[in-house]
Ligand SMILES: [Zn+2]
């Protein structure tokens with residue numbers, strides 16, 4: 001199954017996100033502040049006991065469409 005939001009790169013570990021990245025204000029991969037052209041790249045699944053800590057993460061023009069070479 002494919003989807004347009006399939007990330008081109010693996011998403012970081014949830015514990016490695018900065019507050020800005022977890023809040024969707026910074027690129028999940030390079031940490032640049034996001035302004036325009038933001039793209040959802042998926043949801044990092046995490047949970048702590050009964051608490052679901054899923055985090056939707058975003059990228060922008062800085063990294064969108066990039067692929068590992
Ligand atoms: Zn970036």
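The values are calculated or read from the model by the stated rules, or taken from the named source; none is laboratory data. What you are looking at is a predicted structure, and each value in this text was computed from that prediction instead of being measured. Using ideal geometry, Cβ is built from the backbone for each residue, glycine included, and neighbour counts are taken over all protein chains shown.
Values as computed for the structure displayed
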| quantity | calculated |
| --- | --- |
| Lone unmet requirement of (1) farther than 15 Å from residue 9 by Cβ; (2) surrounded by fewer than 13 Cβ atoms within 10 Å (Cβ to Cβ) for residue 30 | (1) |
| Residue 31 being more than 10 Å from the ligand (Cβ to nearest atom) and part of a loop (DSSP other than H, G, I, E, B) | no |
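Condition check ((1) within 11 Å of the chain's Cα centre (by Cα); (2) at pLDDT 90 or above) across all residues:
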site: 2; (1), (2): no, no
site: 5; (1), (2): yes, no
site: 9; (1), (2): yes, no
site: 23; (1), (2): yes, yes
site: 26; (1), (2): yes, yes
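Yes/no matrix, rows are residues, columns are (1) away from the ligand (no atom under 16 Å from the Cβ); (2) in a loop (DSSP other than H, G, I, E, B):
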position: 24; (1), (2): no, yes
position: 35; (1), (2): no, yes
position: 43; (1), (2): yes, no
position: 58; (1), (2): no, no
position: 64; (1), (2): no, yes
